[in-house]
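I have placed the structure first, in the form of C-alpha coordinates, so that the comments after it can refer back to it.
The values are calculated or read from the model by the stated rules, or taken from the named source; none is laboratory data. Bear in mind the structure is a predicted one, so any value in this text is a computation, not a measurement. FYI the Cβ positions are ideal-geometry reconstructions off the backbone, even for glycines, and counts take in every protein chain you see. For accessibility, only protein heavy atoms count, side chains too; no ligands or nucleic acids. Shrake-Rupley method; radii C 1.70, N 1.55, O 1.52, S 1.80 Å.
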Amino acid sequence: MTVKELGELRRRLRPDKNAISRIYGCYVNSSREIISYLDESLGTMPQDESEKYLSLLKKGLSGGLGRNLIDIVFSTAQVMDSDEHRLLTALRDSELKDAEARNRFYQTVIDSLEMEDCNYLILLACDVYDVPHRSKDDELQPDASDEVFRYILCSICPVKDGKPELGFFSGDNEFHSCMASQIVSQPELGFLFPAFDDRTANIYNALLYTRTPDQVHHEFIAAVFHTEPPLSAAEQREGFQAALSGALDDSFNMEVVQAVHEQLLDKIEQHKESKDPEPLTVSVQEVAAILKGCGVADTQVAAFEAQCGEQCGDGAVLNPENIIDSKHFEVKTADASVAIDPKHSYIVETRIIDGRKYLLIPADEGVEVNGMAVGIAAADRRA
(Lines give C-alpha, C1' and ligand atoms only; values in the text may rest on other atoms or scores of the structure.)
Protein backbone atom coordinates (compact mmCIF):
# COMPACT_ATOMS: atom_id res chain seq x y z
CA MET A 1 0.00 0.00 0.00
CA THR A 2 1.07 3.57 -0.61
CA VAL A 3 0.73 6.67 1.54
CA LYS A 4 -2.05 7.95 -0.77
CA GLU A 5 -4.05 4.72 -0.52
CA LEU A 6 -3.63 4.73 3.25
CA GLY A 7 -4.77 8.35 3.45
CA GLU A 8 -7.80 7.57 1.29
CA LEU A 9 -8.99 4.96 3.79
CA ARG A 10 -8.13 7.08 6.83
CA ARG A 11 -10.29 9.93 5.51
CA ARG A 12 -13.27 7.58 5.45
CA LEU A 13 -13.21 7.05 9.20
CA ARG A 14 -15.44 10.02 9.97
CA PRO A 15 -19.15 9.90 10.84
CA ASP A 16 -20.18 11.44 7.51
CA LYS A 17 -17.86 9.42 5.26
CA ASN A 18 -17.89 5.73 6.25
CA ALA A 19 -20.40 2.96 5.56
CA ILE A 20 -19.84 1.15 8.86
CA SER A 21 -23.20 -0.02 10.18
CA ARG A 22 -22.18 -1.72 13.43
CA ILE A 23 -19.28 -1.90 15.86
CA TYR A 24 -18.40 -5.32 17.26
CA GLY A 25 -15.94 -6.44 19.89
CA CYS A 26 -15.31 -7.94 23.29
CA TYR A 27 -13.73 -6.78 26.53
CA VAL A 28 -11.09 -9.17 27.90
CA ASN A 29 -9.60 -9.16 31.39
CA SER A 30 -6.03 -9.99 32.42
CA SER A 31 -7.07 -13.60 33.10
CA ARG A 32 -8.04 -13.96 29.41
CA GLU A 33 -11.76 -14.08 30.23
CA ILE A 34 -14.35 -12.22 28.19
CA ILE A 35 -16.13 -9.77 30.47
CA SER A 36 -18.63 -8.42 27.94
CA TYR A 37 -19.43 -8.29 24.23
CA LEU A 38 -19.92 -5.24 22.04
CA ASP A 39 -22.52 -5.22 19.26
CA GLU A 40 -23.91 -1.75 18.63
CA SER A 41 -25.26 0.28 15.75
CA LEU A 42 -22.87 3.08 14.89
CA GLY A 43 -25.68 5.16 13.43
CA THR A 44 -27.78 5.25 16.61
CA MET A 45 -24.91 6.13 18.96
CA PRO A 46 -24.47 9.66 20.27
CA GLN A 47 -22.10 11.43 17.90
CA ASP A 48 -19.32 11.83 20.48
CA GLU A 49 -19.31 8.06 21.12
CA SER A 50 -19.26 7.13 17.43
CA GLU A 51 -16.40 9.56 16.87
CA LYS A 52 -14.40 7.91 19.66
CA TYR A 53 -14.89 4.44 18.16
CA LEU A 54 -13.91 5.71 14.71
CA SER A 55 -10.87 7.42 16.20
CA LEU A 56 -9.67 4.13 17.71
CA LEU A 57 -10.11 2.37 14.36
CA LYS A 58 -8.39 5.21 12.51
CA LYS A 59 -5.45 5.04 14.89
CA GLY A 60 -4.93 1.49 13.67
CA LEU A 61 -4.00 2.97 10.27
CA SER A 62 -1.57 5.54 11.64
CA GLY A 63 2.21 5.82 11.68
CA GLY A 64 4.77 5.12 9.01
CA LEU A 65 4.65 2.39 6.39
CA GLY A 66 7.44 -0.06 7.13
CA ARG A 67 7.59 1.06 10.77
CA ASN A 68 4.18 1.09 12.49
CA LEU A 69 2.40 -0.38 9.46
CA ILE A 70 3.84 -3.64 8.16
CA ASP A 71 2.80 -5.80 5.21
CA ILE A 72 1.60 -9.29 6.05
CA VAL A 73 1.91 -11.55 3.00
CA PHE A 74 -0.09 -14.77 2.61
CA SER A 75 1.18 -17.60 0.45
CA THR A 76 -0.89 -18.84 -2.48
CA ALA A 77 -1.53 -22.08 -0.57
CA GLN A 78 -2.94 -20.11 2.38
CA VAL A 79 -5.27 -18.11 0.16
CA MET A 80 -6.49 -21.24 -1.58
CA ASP A 81 -7.06 -23.34 1.55
CA SER A 82 -6.15 -22.43 5.12
CA ASP A 83 -8.08 -21.95 8.33
CA GLU A 84 -6.58 -18.53 9.03
CA HIS A 85 -7.40 -17.02 5.63
CA ARG A 86 -10.81 -18.70 5.59
CA LEU A 87 -11.67 -17.09 8.94
CA LEU A 88 -10.62 -13.60 7.86
CA THR A 89 -12.55 -14.01 4.62
CA ALA A 90 -15.66 -15.17 6.49
CA LEU A 91 -15.50 -12.08 8.71
CA ARG A 92 -15.13 -9.81 5.70
CA ASP A 93 -17.72 -11.50 3.45
CA SER A 94 -20.37 -11.55 6.20
CA GLU A 95 -19.52 -7.93 7.09
CA LEU A 96 -18.88 -9.29 10.61
CA LYS A 97 -22.48 -10.51 10.96
CA ASP A 98 -21.31 -14.12 11.31
CA ALA A 99 -21.33 -14.50 15.13
CA GLU A 100 -19.59 -17.87 15.03
CA ALA A 101 -16.72 -16.45 12.97
CA ARG A 102 -16.45 -13.47 15.30
CA ASN A 103 -16.24 -15.72 18.37
CA ARG A 104 -13.59 -17.92 16.74
CA PHE A 105 -11.57 -14.82 15.95
CA TYR A 106 -11.91 -13.47 19.50
CA GLN A 107 -10.73 -16.77 20.96
CA THR A 108 -7.78 -16.97 18.56
CA VAL A 109 -6.63 -13.53 19.71
CA ILE A 110 -7.24 -14.20 23.40
CA ASP A 111 -5.37 -17.53 23.36
CA SER A 112 -2.30 -16.01 21.72
CA LEU A 113 -1.94 -12.35 22.67
CA GLU A 114 0.48 -11.29 25.41
CA MET A 115 -0.68 -7.98 26.91
CA GLU A 116 1.30 -8.00 30.20
CA ASP A 117 -1.64 -8.62 32.55
CA CYS A 118 -3.61 -5.79 31.02
CA ASN A 119 -7.35 -5.71 30.26
CA TYR A 120 -8.06 -4.91 26.62
CA LEU A 121 -10.82 -4.30 24.08
CA ILE A 122 -10.92 -6.14 20.74
CA LEU A 123 -12.68 -3.77 18.35
CA LEU A 124 -13.98 -4.82 14.91
CA ALA A 125 -15.69 -2.91 12.10
CA CYS A 126 -16.47 -3.55 8.43
CA ASP A 127 -16.65 -0.80 5.82
CA VAL A 128 -17.82 -0.97 2.21
CA TYR A 129 -16.17 1.63 0.00
CA ASP A 130 -17.36 2.57 -3.47
CA VAL A 131 -13.92 3.49 -4.75
CA PRO A 132 -14.15 6.64 -6.89
CA HIS A 133 -12.28 6.83 -10.16
CA ARG A 134 -9.06 8.84 -10.04
CA SER A 135 -8.55 11.05 -13.09
CA LYS A 136 -5.26 11.74 -14.88
CA ASP A 137 -4.85 14.97 -12.90
CA ASP A 138 -5.16 12.92 -9.66
CA GLU A 139 -8.67 14.19 -8.84
CA LEU A 140 -11.22 11.79 -7.34
CA GLN A 141 -14.50 11.43 -9.27
CA PRO A 142 -17.12 10.01 -6.85
CA ASP A 143 -19.71 9.57 -9.60
CA ALA A 144 -17.40 7.36 -11.63
CA SER A 145 -16.96 4.48 -9.19
CA ASP A 146 -16.34 1.07 -10.74
CA GLU A 147 -14.84 -0.75 -7.74
CA VAL A 148 -16.28 -1.81 -4.37
CA PHE A 149 -13.74 -2.41 -1.61
CA ARG A 150 -15.09 -4.36 1.36
CA TYR A 151 -12.67 -4.57 4.27
CA ILE A 152 -12.47 -5.18 7.99
CA LEU A 153 -10.55 -3.20 10.59
CA CYS A 154 -9.39 -4.48 13.94
CA SER A 155 -7.98 -2.42 16.81
CA ILE A 156 -6.83 -3.96 20.08
CA CYS A 157 -6.87 -1.33 22.82
CA PRO A 158 -5.57 -1.62 26.39
CA VAL A 159 -8.13 -0.69 29.03
CA LYS A 160 -6.61 1.02 32.04
CA ASP A 161 -7.79 2.35 35.39
CA GLY A 162 -8.74 6.01 35.35
CA LYS A 163 -7.01 8.63 37.49
CA PRO A 164 -8.86 10.48 40.25
CA GLU A 165 -9.64 14.09 39.41
CA LEU A 166 -11.67 16.90 40.91
CA GLY A 167 -15.17 17.26 39.55
CA PHE A 168 -18.00 19.70 40.23
CA PHE A 169 -21.16 18.22 41.79
CA SER A 170 -24.00 20.63 41.07
CA GLY A 171 -26.30 19.17 43.76
CA ASP A 172 -23.80 19.96 46.52
CA ASN A 173 -22.47 23.02 44.71
CA GLU A 174 -18.99 21.71 45.59
CA PHE A 175 -15.96 20.05 44.06
CA HIS A 176 -15.20 16.43 44.99
CA SER A 177 -12.82 13.72 43.85
CA CYS A 178 -14.23 11.52 41.08
CA MET A 179 -12.79 8.90 38.78
CA ALA A 180 -13.74 7.11 35.58
CA SER A 181 -13.27 3.45 36.50
CA GLN A 182 -11.91 2.17 33.15
CA ILE A 183 -10.42 4.12 30.23
CA VAL A 184 -9.91 2.70 26.72
CA SER A 185 -6.41 3.67 25.53
CA GLN A 186 -5.09 4.07 22.01
CA PRO A 187 -4.66 0.72 20.20
CA GLU A 188 -1.59 -1.36 20.87
CA LEU A 189 -1.97 -3.24 17.59
CA GLY A 190 -4.49 -3.94 14.86
CA PHE A 191 -4.85 -4.74 11.18
CA LEU A 192 -6.64 -4.10 7.91
CA PHE A 193 -7.80 -7.01 5.72
CA PRO A 194 -7.54 -7.23 2.79
CA ALA A 195 -4.91 -4.70 1.77
CA PHE A 196 -5.89 -1.79 -0.48
CA ASP A 197 -3.25 -2.13 -3.23
CA ASP A 198 -3.60 -0.20 -6.48
CA ARG A 199 -6.92 1.00 -4.97
CA THR A 200 -8.43 -2.48 -5.08
CA ALA A 201 -8.64 -5.48 -2.74
CA ASN A 202 -5.51 -7.62 -2.43
CA ILE A 203 -6.51 -10.78 -0.58
CA TYR A 204 -2.88 -11.93 -0.54
CA ASN A 205 -1.97 -9.15 1.90
CA ALA A 206 -3.06 -7.64 5.19
CA LEU A 207 -1.65 -4.51 6.84
CA LEU A 208 -0.54 -4.91 10.46
CA TYR A 209 -0.45 -1.94 12.85
CA THR A 210 1.81 -1.83 15.90
CA ARG A 211 1.96 1.19 18.19
CA THR A 212 5.59 0.50 19.05
CA PRO A 213 7.72 -0.25 15.95
CA ASP A 214 10.14 -2.29 18.06
CA GLN A 215 7.36 -4.67 19.17
CA VAL A 216 5.31 -6.43 16.49
CA HIS A 217 3.69 -9.10 18.72
CA HIS A 218 5.01 -12.21 16.96
CA GLU A 219 2.59 -14.41 18.89
CA PHE A 220 -0.39 -12.50 17.46
CA ILE A 221 0.93 -12.72 13.90
CA ALA A 222 1.58 -16.44 14.21
CA ALA A 223 -1.93 -17.14 15.55
CA VAL A 224 -4.02 -14.83 13.34
CA PHE A 225 -2.07 -14.92 10.07
CA HIS A 226 0.16 -18.03 10.36
CA THR A 227 2.91 -16.20 8.46
CA GLU A 228 6.59 -15.63 9.13
CA PRO A 229 6.72 -12.62 11.45
CA PRO A 230 8.29 -9.56 9.78
CA LEU A 231 11.34 -8.01 11.36
CA SER A 232 10.52 -5.23 13.77
CA ALA A 233 12.31 -1.88 13.53
CA ALA A 234 14.57 -2.92 16.42
CA GLU A 235 15.36 -6.28 14.79
CA GLN A 236 16.23 -4.58 11.50
CA ARG A 237 18.48 -2.08 13.28
CA GLU A 238 20.21 -4.70 15.44
CA GLY A 239 20.73 -7.07 12.50
CA PHE A 240 22.09 -4.29 10.30
CA GLN A 241 24.47 -3.02 12.97
CA ALA A 242 25.68 -6.53 13.79
CA ALA A 243 26.41 -7.17 10.09
CA LEU A 244 28.30 -3.89 9.75
CA SER A 245 30.47 -4.27 12.84
CA GLY A 246 31.01 -8.01 12.36
CA ALA A 247 32.02 -7.88 8.70
CA LEU A 248 34.11 -4.69 8.73
CA ASP A 249 35.96 -5.40 11.98
CA ASP A 250 38.85 -2.88 12.22
CA SER A 251 37.54 -0.97 9.17
CA PHE A 252 34.37 -0.08 11.07
CA ASN A 253 35.34 3.47 12.00
CA MET A 254 33.83 6.93 12.41
CA GLU A 255 34.22 7.79 8.72
CA VAL A 256 32.28 4.70 7.62
CA VAL A 257 29.48 5.34 10.14
CA GLN A 258 29.25 8.98 9.03
CA ALA A 259 29.11 8.06 5.34
CA VAL A 260 26.39 5.44 5.84
CA HIS A 261 24.37 7.75 8.11
CA GLU A 262 24.69 10.79 5.82
CA GLN A 263 23.78 8.96 2.62
CA LEU A 264 20.80 7.17 4.15
CA LEU A 265 19.66 10.44 5.73
CA ASP A 266 19.92 12.06 2.30
CA LYS A 267 17.70 9.32 0.84
CA ILE A 268 15.12 9.96 3.58
CA GLU A 269 15.12 13.71 2.91
CA GLN A 270 14.86 13.26 -0.87
CA HIS A 271 11.98 10.82 -0.44
CA LYS A 272 10.08 13.31 1.73
CA GLU A 273 10.67 16.15 -0.73
CA SER A 274 9.57 14.05 -3.70
CA LYS A 275 6.30 13.15 -1.92
CA ASP A 276 6.60 9.68 -3.41
CA PRO A 277 3.62 7.68 -2.06
CA GLU A 278 5.59 4.42 -2.11
CA PRO A 279 7.36 3.50 1.16
CA LEU A 280 11.10 4.19 1.14
CA THR A 281 13.31 1.12 1.15
CA VAL A 282 17.01 0.42 0.71
CA SER A 283 18.61 -2.83 -0.43
CA VAL A 284 21.67 -4.46 1.08
CA GLN A 285 23.43 -3.89 -2.26
CA GLU A 286 22.84 -0.14 -2.01
CA VAL A 287 24.49 -0.05 1.42
CA ALA A 288 27.31 -2.20 0.03
CA ALA A 289 27.89 0.46 -2.64
CA ILE A 290 28.21 3.11 0.09
CA LEU A 291 30.82 0.97 1.85
CA LYS A 292 32.80 0.54 -1.36
CA GLY A 293 32.75 4.31 -1.79
CA CYS A 294 34.37 4.62 1.65
CA GLY A 295 37.27 2.42 0.55
CA VAL A 296 36.13 -0.70 2.39
CA ALA A 297 37.79 -3.81 0.92
CA ASP A 298 35.73 -5.94 -1.47
CA THR A 299 36.13 -8.98 0.78
CA GLN A 300 34.65 -7.09 3.73
CA VAL A 301 31.82 -5.69 1.61
CA ALA A 302 30.99 -9.24 0.49
CA ALA A 303 31.12 -10.38 4.12
CA PHE A 304 28.70 -7.58 5.06
CA GLU A 305 26.22 -8.69 2.38
CA ALA A 306 26.45 -12.30 3.58
CA GLN A 307 26.01 -11.38 7.25
CA CYS A 308 23.12 -9.06 6.43
CA GLY A 309 21.43 -11.98 4.69
CA GLU A 310 21.93 -14.11 7.80
CA GLN A 311 20.68 -11.40 10.17
CA CYS A 312 17.79 -9.96 8.13
CA GLY A 313 17.00 -12.67 5.58
CA ASP A 314 18.10 -13.28 2.00
CA GLY A 315 17.16 -10.44 -0.32
CA ALA A 316 16.28 -8.26 2.65
CA VAL A 317 14.81 -4.85 1.86
CA LEU A 318 15.26 -2.46 4.76
CA ASN A 319 13.58 0.75 5.83
CA PRO A 320 16.30 3.44 6.25
CA GLU A 321 14.35 4.99 9.14
CA ASN A 322 14.60 1.66 10.95
CA ILE A 323 18.35 1.20 10.59
CA ILE A 324 19.52 4.75 11.38
CA ASP A 325 18.20 7.40 13.75
CA SER A 326 17.35 10.26 11.39
CA LYS A 327 16.73 12.66 14.28
CA HIS A 328 19.81 12.04 16.43
CA PHE A 329 23.53 11.54 15.97
CA GLU A 330 25.24 10.88 19.27
CA VAL A 331 28.88 10.06 19.93
CA LYS A 332 29.75 8.46 23.27
CA THR A 333 32.98 7.70 25.09
CA ALA A 334 33.42 6.16 28.53
CA ASP A 335 33.20 9.60 30.16
CA ALA A 336 31.28 11.85 27.75
CA SER A 337 28.57 12.02 25.12
CA VAL A 338 28.00 14.60 22.39
CA ALA A 339 24.73 15.02 20.46
CA ILE A 340 25.02 16.52 16.97
CA ASP A 341 22.48 17.62 14.39
CA PRO A 342 22.31 14.57 12.06
CA LYS A 343 22.66 16.88 9.05
CA HIS A 344 26.03 18.05 10.40
CA SER A 345 27.48 14.73 11.53
CA TYR A 346 30.39 15.31 9.16
CA ILE A 347 31.90 17.93 11.51
CA VAL A 348 33.12 15.23 13.91
CA GLU A 349 36.70 14.19 13.25
CA THR A 350 38.91 11.53 14.81
CA ARG A 351 42.56 12.23 15.31
CA ILE A 352 45.57 10.91 17.23
CA ILE A 353 47.44 13.64 19.12
CA ASP A 354 50.52 12.81 21.17
CA GLY A 355 49.63 9.16 20.93
CA ARG A 356 46.06 9.58 22.25
CA LYS A 357 42.82 9.25 20.29
CA TYR A 358 40.61 12.35 20.20
CA LEU A 359 37.23 13.38 18.84
CA LEU A 360 37.42 16.89 17.37
CA ILE A 361 34.42 19.19 16.96
CA PRO A 362 34.78 22.76 15.63
CA ALA A 363 34.01 25.38 18.30
CA ASP A 364 34.38 28.64 16.38
CA GLU A 365 31.32 30.35 17.87
CA GLY A 366 28.16 29.91 19.92
CA VAL A 367 29.67 27.68 22.62
CA GLU A 368 27.44 27.19 25.69
CA VAL A 369 27.85 25.28 28.93
CA ASN A 370 24.57 24.54 30.75
CA GLY A 371 22.94 27.37 28.81
CA MET A 372 25.71 29.92 29.51
CA ALA A 373 27.71 31.37 26.62
CA VAL A 374 31.42 30.85 27.17
CA GLY A 375 34.62 31.63 25.34
CA ILE A 376 37.31 29.13 24.38
CA ALA A 377 40.65 29.80 25.99
CA ALA A 378 43.69 29.73 23.76
CA ALA A 379 45.58 26.46 24.24
CA ASP A 380 49.25 25.69 23.79
CA ARG A 381 49.95 24.33 20.36
CA ARG A 382 51.22 20.78 20.43
CA ALA A 383 52.64 18.86 17.54
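Tabulated data for the structure shown
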{"quantity": "In degrees, nearest ten, helix 233-248 long axis to first principal axis of the chain (Cα)", "calculated": "30 degrees"}
{"quantity": "Cα→Cβ-extended label distance, 7 Å offset, between Ala99 and Ala77, nm", "calculated": "3.7 nm"}
{"quantity": "Segment Asp341-His328, extension gain: residue separation times 0.36 nm, minus the distance between their alpha carbons", "calculated": "4.0 nm"}
{"quantity": "Per-bin percent of Cα-Cα distances, the chain [10 Å]", "calculated": "4, 18, 24, 20, 17, 11, 5, 1, 0"}
{"quantity": "Residue range of the chain that is longest and free of GluC sites (Glu not before Pro) which are both DSSP loop and sparsely packed (at most 12 other C-beta within 10 Å)", "calculated": "140-364"}
{"quantity": "Inter-centroid distance (Cα atoms) of the stretch 362-376 relative to the stretch 1-77, Å", "calculated": "51 Å"}
{"quantity": "Within the chain, longest stretch free of exposed trypsin sites (Lys or Arg not before Pro) [DSSP loop, at most 10 other beta carbons within 10 Å]", "calculated": "137-274"}
{"quantity": "The chain, accessible surface, carbon-and-sulfur percent (1.4 angstrom probe)", "calculated": "47 percent"}
{"quantity": "Inter-centroid distance (Cα atoms) of the stretch 155-231 relative to the stretch 258-308, Å", "calculated": "34 Å"}
{"quantity": "Kirkwood estimate for the stretch 198-337, i.e. one over the average of 1/r between Cα atoms, Å", "calculated": "16.8 Å"}
{"quantity": "Estimated dipole of the stretch 2-74 in Debye, rounded to 20 [Cβ of Lys and Arg +1, of Asp and Glu -1, Cα centre]", "calculated": "340 debye"}
{"quantity": "Solvent exposure of the stretch 321-368 as accessible area per residue, Å², 1.4 Å probe", "calculated": "78 Å²"}
{"quantity": "Degrees, to the nearest 10: 99-112 long Cα axis against longest axis of the chain", "calculated": "30 degrees"}
{"quantity": "Sites Ile203 and Asp39, calculated FRET efficiency, Cβ-Cβ separation with R0 25 Å, nearest 0.05", "calculated": "0.45"}
{"quantity": "Surface accessible to a 1.4 Å probe, per residue, for the residues of the stretch 12-171, Å²", "calculated": "53 Å²"}
{"quantity": "Contour excess over end-to-end distance, with Cα ends at Thr350 and Ala242 and 0.36 nm allotted per residue", "calculated": "36.6 nm"}
